[in-house]
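**Q** My questions will all concern the structure given below.
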Amino acid sequence: MNTFSIAIHGGAGTLVKGMMTPELETQYRQALKEALDKGYVVLENGGKATDAVETAVKILEDSHLFNAGKGAVFTATESHEMDASIMDGKTLNAGAVSLITGIKNPVSLAKDVMEKSEHVFLAGDGAMQFAKELNYKLEDPSYFYDEFRHKQWLEIKDTDSFQLDHSTKKDSKFGTVGAVACDKDGNIAAATSTGGMTNKKWGRVGDSPMVGAGNYANNKTCAISCTGSGEFFIRGVVAYDVACLMEHKNMSLKDASNEVINKRILELGGDGGLVAIDAKGNIAMPFNTEGMYRASKSSSGKEEVSIYK
Ligand code: ASP
C-alpha cells in the first residue's frame, strides 16, 4: 500500500511571534488540526485525494480565522468575492470559480464545476447561476462578516490601496487556505480557497483559482496549493513551475518547491509559500515569509502543526 498523507495551509505572511495571543494561537492550531485530521480520515478510510482536500479546505472555510469562506476579506464595495479551485492529479481534471459571493464553501462549487460541468473555470454571475442550478443555498453577507477583517477594510477603504491579507502590517491576520493529499492508490490532488485581497476592486482575481498558478496537481510530479502575493504567483506560474522542475530537471519535491519559493518567486518580488505533495506521499511546505499556518500528517507516522519558521 502506498504511503498516504495530507498537508494543509492557512496562509503565509508577516506573522510576528509575540503579536499573537496564546489564546488565538491555540484557536489557529485547533482549526488546523481539525482540518488535518478530518482530511486524513478520508484517506485512512480509503477515500480519494480529491475528497480529502475538499474535506480539509471546507473546515478551514468554515472557520472565521482564515481568509476563505466565513471570514473572507472585504472588497472595495464592502462585499466578499471569493475564489477557489481544485485539481485531480490522476485525470488532470480541474474546476475553479472566482468572484463568487454568498457561497458557504467555494471549494465545493469548484469541485462541482470539475465534476458536473464541461468546463474548468466559471466566474462571477455565471458561476452564481451554475450554483443556483445545483440548488446551492446562499448565505447572508452577515455569515461571512468578521470584525477584524472589517477593521482592516475600514482602515483603507477610501484609498486606492488594496492589501494582501498579510503584506506590510505586522498585526495582519492572513489566511488563504489550501490542501494537498496523496491517497492509498497513489493519486494526488490539490485545492485552494481565498477571499483575495482587502479592498480589491475591478473584479481582481488572484492566483488561487488559476490552474498552474496557485493550484496544480499531476500524479507524474506533484500537487501544490499556494498562498502569497497573487499577482506575482500568477506571473511566476508558481505551482506549475514546481511540477516543471520535477519533470524536466528531475528535481525532488523538496528541492523543486524550495527553488521556486526561496529563489524564483523572491527574485520576481513575490512573497508567500506553498504546500506540496508527490505520489509517494512526500511532503514539502516551504515559505519565504515570517510564518505560514501549516500542518501535515502521513501514514508513516509523521505529524506537524506549525505557524512560525
Ligand atoms: N494568493 C491570494 C490572492 O492573491 C492571497 C493570499 O494567499 O493570501 O488572492
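The values are calculated or read from the model by the stated rules, or taken from the named source; none is laboratory data. Bear in mind the structure is a predicted one, so any value in this text is a computation, not a measurement. Cβ coordinates were reconstructed from backbone atoms using ideal geometry, including for glycine residues, and neighbour counts include every protein chain displayed.
**Q** For the stretch 83-100, enumerate the residues that are without any contact (Cβ under 8 Å) to a residue 40 or more places away in the chain and buried (at least 20 other Cβ atoms within 10 Å of the Cβ).
**A** Passing the criteria: G95, I100.
Listed here are the residues, each with its yes/no results for (1) at pLDDT below 80; (2) not hydrophobic (A, V, I, L, M, F, W, C).
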residue: F162; (1), (2): yes, no
residue: D165; (1), (2): yes, yes
residue: S172; (1), (2): yes, yes
residue: N187; (1), (2): no, yes
residue: A190; (1), (2): no, no
residue: S193; (1), (2): no, yes
residue: M197; (1), (2): no, no
residue: G203; (1), (2): no, yes
residue: D207; (1), (2): no, yes
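**Q** Continuing with this model, one more query. Which of the residues that make up the stretch 176-209 are within 14 Å of the ligand (Cβ to nearest atom), in contact with a helix residue (DSSP H, G or I) (Cβ under 6 Å, 6 or more places away or on another chain) and outside any strand (DSSP E or B)?
**A** Hits for the stretch 176-209 are N199, G206, D207.
**Q** Among the strands (runs of 3 or more DSSP E) confined wholly to the stretch 218-309, which include 3 or more residues that are modelled with pLDDT of 95 or more and crowded, with 20+ Cβ neighbours inside 10 Å?
**A** Values: elements: 223-228, 272-277, 291-298, 303-308.
Answer list for the stretch 218-309: 223-228, 272-277, 291-298.
**Q** Now for a different question. Which of the helices (runs of 4 or more DSSP H) found entirely inside the stretch 54-145 contain at least 2 residues meeting this: over 20 Å from the mean Cα position of the chain (by Cα) and on the phi < 0 side of the Ramachandran plot?
**A** 124-133, 141-144
**Q** Six or more apart or on different chains, Cβ under 8 Å: which pairs go from a residue in the stretch 216-227 that's farther than 8 Å from A276 by Cβ to one that's among the charged types (D, E, K, R) and buried (at least 24 other Cβ atoms within 10 Å of the Cβ)? Could you list them?
**A** Qualifying pairs under 8 Å: A217/D88; T221/D278; C226/D207.
**Q** Only one of (1) within 16 Å of the ligand (Cβ to nearest atom); (2) polar (S, T, N, Q); (3) over 16 Å from the mean Cα position of the chain (by Cα) fails for T227. Which number is that?
**A** (3)
**Q** Given the conditions (1) within 13 Å of the ligand (Cβ to nearest atom); (2) at pLDDT 95 or above; (3) not in a loop (DSSP other than H, G, I, E, B), and given that R149 satisfies all but one, which numbered condition is not satisfied?
**A** (2)
**Q** Pick from D37, D51: which is at pLDDT 95 or above, surrounded by fewer than 22 Cβ atoms within 10 Å (Cβ to Cβ), part of a helix (DSSP H, G or I) and in contact with an Asp or Glu (Cβ under 9 Å, 6 or more places away or on another chain)?
**A** D51
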